[in-house]
1. Looking only at residues in the stretch 70-84 that are in contact (Cβ under 8 Å) with a residue 24 or more places away in the chain and out of contact with any strand residue (DSSP E or B) (no Cβ under 9 Å at 6 or more places or on another chain), which one is farthest from Glu141 (Cα to Cα)?
2. Could you grab me the full set of residues in the stretch 16-51 that are of a type in the set (D, E, K, R) and more than 30 Å from Ala132 (Cα to Cα)?
3. Restricting to the stretch 76-124, name every residue that is of a type in the set (Val, Ile, Thr), closer than 15 Å to Phe18 by Cβ and touching a helix residue (DSSP H, G or I) at 6+ places or on another chain (Cβ under 9 Å).
4. If I filter the stretch 75-91 for residues that are touching a Lys or Arg at 6+ places or on another chain (Cβ under 9 Å), modelled with pLDDT of 90 or more, surrounded by 12 or more Cβ atoms within 10 Å (Cβ to Cβ) and not polar (S, T, N, Q), do I get at least one hit?
5. If Arg102 passes every condition in (1) over 20 Å from Ser26 (Cα atoms); (2) at pLDDT 95 or above but one, which one does it miss?
6. I'm trying to understand the selection: among the residues of the stretch 9-32, which are free of Cβ contacts under 8 Å to residues at least 12 places away in the same chain, surrounded by fewer than 12 Cβ atoms within 10 Å (Cβ to Cβ) and not charged (D, E, K, R)?
7. Tell me which residues, restricted to the stretch 124-140, are more than 24 Å from Arg72 (Cβ to Cβ) and of a type in the set (Lys, Arg).
8. Please enumerate the residues belonging to the stretch 122-143 that are surrounded by 13 or more Cβ atoms within 10 Å (Cβ to Cβ) and either in contact with a strand residue (DSSP E or B) (Cβ under 7 Å, 6 or more places away or on another chain) or of a type in the set (Asp, Glu) (or both).
Amino acid sequence: MTASAGGLALQEGEEVIFDHVPSLRSFQGTALVALGLTLLPVVAFAAAFPDSFWPALPVFLTCLILLQERVRLGRHRAWITRRRIILQGGEEVAMSDVEQARPRLHGVRVTCPRGPVRRLDLSYAPDRSALAQAINSAAKEAA
């Protein structure tokens, strides 16, 4: 089976050192922040258009974006091996191309200046520092 078919295609002698499964709790935190930031335009629209449905527009758009991201949440899965990062969509990044992995607000950003993918975001990581450390140690071994 391939990674795009839902399975994982490992090369001979390759083993998974970190299985990145997006966390629903991290997504919920991001969603709460997005909805909180949406309150500012709601108040502005309510002051400008008090007798209309316009104040509901920012909340509606935010909910649409969050619904789309929630549906795509399962597509952010990745497997980290000592040789490469395998994404659920079937793409892969060689560890020799990885420069560094840094924890970000809701995930880990992997920079790859020599690879086909320059910047890779692994979103909604439950333990961002452990994921970044696993990628950085595997990249050092591959270099």
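1. This residue is Arg70.
2. The initial filter retains those residues of the stretch 16-51 that are of a type in the set (D, E, K, R), namely 19, 25, 51.
Scanning the stretch 16-51 gives a single hit, Asp51.
3. Passing the criteria: Ile80, Thr81, Ile85, Val98, Val108, Val110.
4. First, the residues of the stretch 75-91 that are touching a Lys or Arg at 6+ places or on another chain (Cβ under 9 Å): 87-89.
Those still in the list that are modelled with pLDDT of 90 or more too: none.
Checked against the condition, which is being touching a Lys or Arg at 6+ places or on another chain (Cβ under 9 Å), modelled with pLDDT of 90 or more, surrounded by 12 or more Cβ atoms within 10 Å (Cβ to Cβ) and not polar (S, T, N, Q), the stretch 75-91 yields no hits at all.
5. (1)
6. Across the stretch 9-32, the qualifying residues are Gly13, Leu32.
7. The one that is more than 24 Å from Arg72 (Cβ to Cβ) and of a type in the set (Lys, Arg): Lys140.
8. Filtering the stretch 122-143 for residues surrounded by 13 or more Cβ atoms within 10 Å (Cβ to Cβ) gives 122-128, 130-139, 142.
Leu122, Ser123, Tyr124, Ala125, Asp127, Arg128, Leu131, Ala132, Ala134, Ile135, Asn136, Ala138, listed by residue number.
The values are calculated or read from the model by the stated rules, or taken from the named source; none is laboratory data. Every value quoted in this text rests on a predicted model; they were computed, and no experiment measured them. Cβ atoms come from the backbone with ideal geometry, glycine included; neighbour counts cover every protein chain shown.
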